[in-house]
Amino acid sequence: MTADHGIHADWDELEEQGMSARLARYFGHSLHIRHIDVGSCNACESEVLALSNPYYNFHRLGLFFTHSPRHADVLLVTGALTRAMAPVLRETYDAMPRPRLVVATGVCALHGGVFANSSRFVGPVDSVLPVDAYIPGCPPNPYALLQGLLKAIQSREEAKSS
Amino acid sequence: MRAEWLLSGLASGRVTTTYPRQREQELSRRRWNSVPTLNGPCSDTACRECSEVCPTDAITRVETQGNAALRLDVGACIACGRCVDRCPEGVFSWAEAIDRAEVRKERFISTVEGGADQ
Ligand code: SF4
Ligand code: SF4
Ligand code: SF4
């Protein structure tokens, strides 16, 4: 009855299945992430930035930030999509080379959160772009962000094999 | 010089997290209250507290006979904690898994049915 949130999902097993090998195979151990803020309160940004600090150190998994969408494999979208940012988000997505992944980050990107009733709010990110992974939380902590990025890679692989 | 620097780093106890490799150990180091979870059905027919206090309408309460079916959408929850604090029946609590992410949004929705036998 109680929802299982997968606390026992075995990441050790996943490592044995070769998550790092997958990263190497598809992205040469260098998955580049373009982060775009489409109307965030900036709390999500502080968590996203924590990914590259020495503690969370996501570079050890072969993940990196890039400033240009033309160099990016993943688009990490934070914030409630505003009318002003909707065309910019689309342009950023169009500028990305394939294969490209989109990760919606934070309740704002998933649902609208506290801004859902705003007249400037366009809608959740998946109403304008195909989304590969969703990360809830307001803001999501860096572990959830890592989980979301890894899930996005997995989801693409599953879609490919089916 | 380099050895000194290394030793001082070790002495300060600062480490890089090993997540996702040692996930359970990493997550049990600390507790964050970041995602609520449903523990059971609601049997208070007079109470409407949770669906009224939730700022993002993440909780929906559907009246059935005797008690109510509850629907919680974690994808809409901002973790304000009001439902956990205010529910007199202790239906909501903080989830252990704080690193939740899914490839489909529907997976964030959990429900408990009403019904006296549950
Ligand atoms: S999800 Fe929460 S923390 Fe993130 S941008 Fe929206 S309001 Fe801010
Ligand atoms: S923690 Fe707050 S936002 Fe989340 S379901 Fe409870 S009342 Fe709603
Ligand atoms: S706050 Fe608790 S007792 Fe009240 S309606 Fe919600 S689940 Fe039922």
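The values are calculated or read from the model by the stated rules, or taken from the named source; none is laboratory data. No experiment lies behind these values; they were computed from the predicted model shown. No Cβ is skipped: glycine too gets one built from the backbone with ideal geometry, and neighbour counts run over all protein chains shown. To get the accessible areas, we keep the full protein, side chains included, count just its heavy atoms, and leave off ligands, DNA and RNA. Shrake-Rupley method; radii C 1.70, N 1.55, O 1.52, S 1.80 Å.
Simple spin-label model, 7 Å along Cα-to-Cβ: residue A:42 to residue B:46 in nm?
4.7
Over all residues in A:100-113, what is the mean tally of Cβ atoms on other chains that come within 10 Å of each residue's Cβ? Walk me through the numbers on the way to the answer.
Numbers: counts 0, 0, 0, 1, 3, 1, 1, 10, 1, 1, 8, 11, 2, 7.
Average per residue, whole number: 3.
How much solvent-accessible surface does residue A:46 expose, in Å² to the nearest 10, with a 1.4 Å probe and all protein chains in place?
About 60 Å², rounded to the nearest 10.
Roughly how large is the A-B contact in terms of buried accessible area, totalled over both chains, probe 1.4 Å, nearest 100 Å²?
Details: alone 8940 and 8620 Å², together 14020 Å².
So the buried area, both faces added, is about 3500 Å².
Order B:49, B:102, most accessible first, counting only protein heavy atoms with a 1.4 angstrom probe. Numbers along the way, then the final one.
Details: B:49 60, B:102 30 Å².
Order by accessible area, largest first: B:49, B:102.
Using R₀ = 51 Å, calculate the FRET efficiency as 1/(1 + (r/R₀)^6) where r is the Cβ-Cβ separation of residue B:85 and residue A:88; round to 0.05. Walk me through the numbers on the way to the answer.
Details: r = 39 Å, r/R0 = 0.77.
After rounding, the FRET efficiency stands at 0.85.
What is the packing order of peptides A:89-99, A:58-68, taking the mean over residues of other C-beta atoms within 10 Å and listing the highest first?
The peptides rank, most packed first, as A:58-68, A:89-99.
Can you tell me the equivalent ellipsoid semi-axes for segment A:86-129? Use √(5λ) from the Cα gyration tensor, largest first, whole Å. Before the final figure, lay out the partial values.
Working: eigenvalues 97, 28, 8 Å².
Sorted largest first and rounded, they come to 22, 12, 6 Å.
For peptide B:53-61, compute the average count of partner chain beta-carbon atoms within 10 Å of each residue's beta-carbon.
Working: counts 0, 0, 3, 9, 3, 4, 0, 0, 0.
Per residue, the number of nearby Cβ atoms from other chains is 2 on average.
So, in nm, how far is label residue B:94 from label residue B:107 when the simple model puts each one 7 Å beyond its Cα toward the Cβ?
2.4
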